[in-house]
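One structure below.
The values are calculated or read from the model by the stated rules, or taken from the named source; none is laboratory data. Bear in mind the structure is a predicted one, so any value in this text is a computation, not a measurement. Cβ placement follows ideal geometry from the backbone for every residue including glycine, while neighbour counts extend to all protein chains displayed.
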Amino acid sequence: MKLKKYLVLALVGFFAFNIQAQQGYDLWLDYKKIDNPLYQEKYSPYFNNVELVGNSSTMNAIKEELQLAKTGFAFGDSTSNSNHKIIIGIQSNLPPAIKNKINTENIGEEGYTINTLDNGETIVVSGNSEVALLYGTFGLLREIQQGNEISDLNIEEEPKIQKRVLNHWDNLDRTVERGYAGFSIWDWHQLPGLIKPEYKDYARANAAIGINGTVLVNVNSNALILTPHYIEKVKALAEVFRPYGIQVYLTARFSAPIELGDLDTADPLNEDVRKWWKDIADEIYAEIPDFGGFLVKADSEGQPGPFQYDRTHVDGANMLAEAVAPHDGIIMWRAFVYSEEDTDDRAKQAYDQFIPYDGKFADNVLVQVKNGAIDFQPREPFHPMFGAMPDTPLMMEFQITQEYLGFSSHLVFLPKLFEEVLDEDTFSDGENSTVAKVIDGTNSNKKLTGIAGVANIGTEKNWTGHPFGQANWYGFGRLAWDPYMDSKDIAKEWLKIKFSNEDNFVKPMTELLLNSREAVVNYMTPLGLHHIMATSHHYGPGPWVDDLGRPDWNPVYYHKADENGVGFDRTNSGSDALSQYAKPIQEKYSSPETTPEKYLLWFHHLPWDYEMENGESLWNNIALHYQTGVEQVEEMQDTWATMEQYVNEQEFEKTSMLLEIQLKEAKWWRDACLSYFKQFSKMKLPAGVPEPEHDLEYYKSIERPYAPGINPSW
Ligand code: BDP
């Protein structure tokens, strides 16, 4: 009787596990069974004998992970008496015979080494801290997941950026601003009593890709998160994350001293205010000794800040920096600022506000700058601030959630976008001063470095909604670790780990991923067009929108289409935003002939019949780009349709259906935008571009009143 019960339980467990795997819950940690006997033979003997040097919660996490992997890979307890083994330990603690063969001198606190010694029989994972060992363990498992050779490993890895952080735009009511994967995974109501398994799995997934920090709540912040009631909950999460090397951060609402503290001012130079923040910091650190610090959105889009008191960003940031400094905390002060009163080009405003303060921020402040000067568009030139603040540590902010890129309905591989930005040359310190070099501190020898990604994570069973949204979380982590990584390598790595190592899968799917970014640019905002999405939720086309409260919230502000042409003149005959870039860029971009076509309408207003490099008019080029975008989605569909045998049924079906939505919407974008722009160009569509199915009024009438992601308090 008992036996039967166990059998039933085991079966239920197996199916539950299988369903979970099918749904994609396990992310890049599902350790799929290795069927091929040759590979079994290659890897499994090492797992018979694993020696961990040390004993702590992080070492336990390593042990657990190896056990999970062993079970997942289906490495049985082999009876062969081979001498294969894995040894994992901090270099200085390794057994003497091994210690002097491992050099961890140049890899800092978080770097790791993986070496195969003794003619391939012993794998040593080492480093200078336990978290480094955890990263190394994940590094080793990644090799196995990809089917790589491990009998001759000689890996030395060190993260190039110090603070590798996710930014959750999660509210305390569990809605997620710009979140398209359900509700917030933080169940504030039931914390700290209920610790959900997701919290640990979140930490595992992040540690596996080297993410070492998380800002739990929205930049449009709620002061309540700083009260003891919530700090207790934050502490509970921090405890789950600690063994995985993940620090927690919170957003600080600048007016909190008034809202919570019985003060009548939040003036950063006021002594009571300064003391208030110090006390709050002390209280938080008493509970969470490794608390990371605060992220602050101030004087932007209605958030309170120092301006109200005639103070500056420096006054605000440095006051908070002083409060967390005794505890080794940092402040991430956002540069996403633009003002209602300022009638100047929105793209110029952050630069103008911040540049005068270069070198004035405290040592523990990072200024967090979005990748482009407007707002996470499908394509933007890099933010000019990256080339203009040599004496201020600048932190990159990317958006992993696809606010302007089709939410979690569209397949877009973002590492391609991230890579494009990181590789741009700022010329701030001569040629080859890439954005990557600015943010990893190579340029100007910065002491504090960081990178943030606005998370795309929610309560969806697979965390990200679109199965391929996981690739963007993964890719962000990998680039945060090494901003020089090739997006192609990231694509391959993820595809192998997530789905299959088969060449016939990996090759075409890598192409698909890499092309998906250009596809979305083509069918949404080709040739430098930007911010022409529908109002407020930003889903679907809205180039006609012209009735919003502030000019710079309206798409017409960004494309400036009229009978004379289209595009935003940012040269010296226009807003002169171009002057915020280094001379070589100014020279190149000041004329439309030498401006890279991908940025053409970002910097120039040009007549519809302007002749482009291919000899065709601007109008024809715009139309053809929209059409190409649609065709690229069709190609994605064709490729995916042949991949059924390599992926699980649920993810195959889901992705197929989502690609169908994407195709429909790519056509919607094409037809709506071309109908709209056509009334100005008054030109015919070129051959190969079909006439829109409906008239402009139809496209204008489409509404999505309940599109997700809008902050309910707005
Ligand atoms: C924009 C979003 C808005 C954010 C803001 C920000 O539309 O929801 O609050 O950026 O980054 O992209 O602060």
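Taking region 216-242, which residues are of a type in the set (D, E, K, R) and either in contact (Cβ under 8 Å) with a residue 40 or more places away in the chain or within 16 Å of the ligand (Cβ to nearest atom) (or both)?
E232, K233, K235, R242
Could you list, in sequence order, all residues of region 616-650 that are polar (S, T, N, Q), part of a helix (DSSP H, G or I) and under 30 Å from N504 (Cβ atoms)?
Q627, T628, Q632, Q637, T639, Q645, Q650
With the condition kept exactly as written, say whether any residue in region 177-189 is in a helix (DSSP H, G or I) and away from the ligand (no atom under 16 Å from the Cβ). Spell out how you get there, then give the answer.
Our first condition is that a residue be in a helix (DSSP H, G or I); within region 177-189, this holds for none.
No, the conditions are met nowhere in region 177-189.
What residue, of I400, I355, I439, is of a type in the set (V, I, T), more than 16 Å from the ligand (Cβ to nearest atom) and touching a Leu at 6+ places or on another chain (Cβ under 9 Å)?
Working: I400 fails: more than 16 Å from the ligand (Cβ to nearest atom); I355 fails: touching a Leu at 6+ places or on another chain (Cβ under 9 Å).
Unique residue meeting the criteria: I439.
Of all residues in region 336-350 being in a helix (DSSP H, G or I) and not charged (D, E, K, R), which is nearest to the ligand (Cβ to nearest atom)?
For region 336-350, the residue satisfying everything is A350.
From the list E593, E613, E653, which residue is part of a loop (DSSP other than H, G, I, E, B) and either over 28 Å from C673 (Cβ atoms) or in contact (Cβ under 8 Å) with a residue 12 or more places away in the chain (or both)?
Just a single option satisfies the conditions, and that option is E613.
Among the residues of region 450-459, what is the count of those that are surrounded by 22 or more Cβ atoms within 10 Å (Cβ to Cβ) and either out of contact with any strand residue (DSSP E or B) (no Cβ under 7 Å at 6 or more places or on another chain) or at pLDDT below 95 (or both)?
Total satisfying the criteria: 2.
Any residue at all in region 421-438 that's assigned to a loop (DSSP other than H, G, I, E, B), on the phi < 0 side of the Ramachandran plot, modelled with pLDDT under 95 and not assigned by TED's automatic domain parsing to the domain that holds E665? First the steps, then the outcome.
Going residue by residue through region 421-438, those that are assigned to a loop (DSSP other than H, G, I, E, B) are 424, 426-427, 429, 431-433.
Filter again for on the phi < 0 side of the Ramachandran plot, leaving 424, 426, 429, 431, 433.
This time we only want the ones that are modelled with pLDDT under 95, so: 429.
With the extra rule that they be not assigned by TED's automatic domain parsing to the domain that holds E665, the set shrinks to 429.
Yes, that holds for at least one residue.
Residue-wise test of (1) in a helix (DSSP H, G or I); (2) within 22 Å of G245 (Cα to Cα); (3) in contact (Cβ under 8 Å) with a residue 24 or more places away in the chain.
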position: K32; (1), (2), (3): no, no, yes
position: Q40; (1), (2), (3): yes, no, yes
position: Y46; (1), (2), (3): yes, no, yes
position: E51; (1), (2), (3): no, yes, yes
position: K63; (1), (2), (3): yes, yes, no
position: D77; (1), (2), (3): no, no, yes
position: N81; (1), (2), (3): no, no, no
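Can you work out which of the residues in region 251-271 that are touching a residue at least 40 places away in the same chain (Cβ under 8 Å) and surrounded by fewer than 23 Cβ atoms within 10 Å (Cβ to Cβ) is farthest from A323 (Cα to Cα)?
Ranking the qualifying residues of region 251-271, first place goes to T265.
Report, by residue number, each residue of region 515-562 that is in the same structural domain as I622 (by TED's automatic domain parsing), among the charged types (D, E, K, R) and touching a Lys or Arg at 6+ places or on another chain (Cβ under 7 Å).
Within region 515-562, D552 is the sole residue that qualifies.
Would you mind stating whether S300 is more than 27 Å from E110 (Cα to Cα) and either modelled with pLDDT under 95 or touching a Lys or Arg at 6+ places or on another chain (Cβ under 8 Å) (or both)?
Numbers: more than 27 Å from E110 (Cα to Cα): yes; either modelled with pLDDT under 95 or touching a Lys or Arg at 6+ places or on another chain (Cβ under 8 Å) (or both): yes.
Yes, satisfied.
Which is more than 25 Å from the chain's Cα centre (by Cα) and at pLDDT below 95, of P686, P712, P705, P690? Reasoning before the result, please.
Working: P686 fails: at pLDDT below 95; P712 fails: more than 25 Å from the chain's Cα centre (by Cα); P690 fails: at pLDDT below 95.
Exactly one of P686, P712, P705, P690 is more than 25 Å from the chain's Cα centre (by Cα) and at pLDDT below 95, namely P705.
Can you confirm whether Y202 is within 16 Å of the ligand (Cβ to nearest atom), within 19 Å of the chain's Cα centre (by Cα), buried (at least 19 other Cβ atoms within 10 Å of the Cβ) and over 19 Å from R253 (Cα atoms)?
On the way: within 16 Å of the ligand (Cβ to nearest atom): no; within 19 Å of the chain's Cα centre (by Cα): yes; buried (at least 19 other Cβ atoms within 10 Å of the Cβ): yes; over 19 Å from R253 (Cα atoms): yes.
No: the conditions fail for Y202.
Of the residues G292, G316, which single one is out of contact with any Leu (no Cβ under 8 Å at 6 or more places or on another chain), under 21 Å from L166 (Cβ atoms), crowded, with 22+ Cβ neighbours inside 10 Å and touching a residue at least 40 places away in the same chain (Cβ under 8 Å)?
G292
Residue under question is E460, and the condition is that it be assigned to a helix (DSSP H, G or I) and either within 20 Å of the chain's Cα centre (by Cα) or more than 16 Å from the ligand (Cβ to nearest atom) (or both); does it hold?
no
Return the only residue of L578, L495, L548 being under 23 Å from S339 (Cα atoms), more than 16 Å from the ligand (Cβ to nearest atom) and either in contact with a strand residue (DSSP E or B) (Cβ under 8 Å, 6 or more places away or on another chain) or of a type in the set (A, V, I, L, M, F, W, C) (or both).
The match here is L578.
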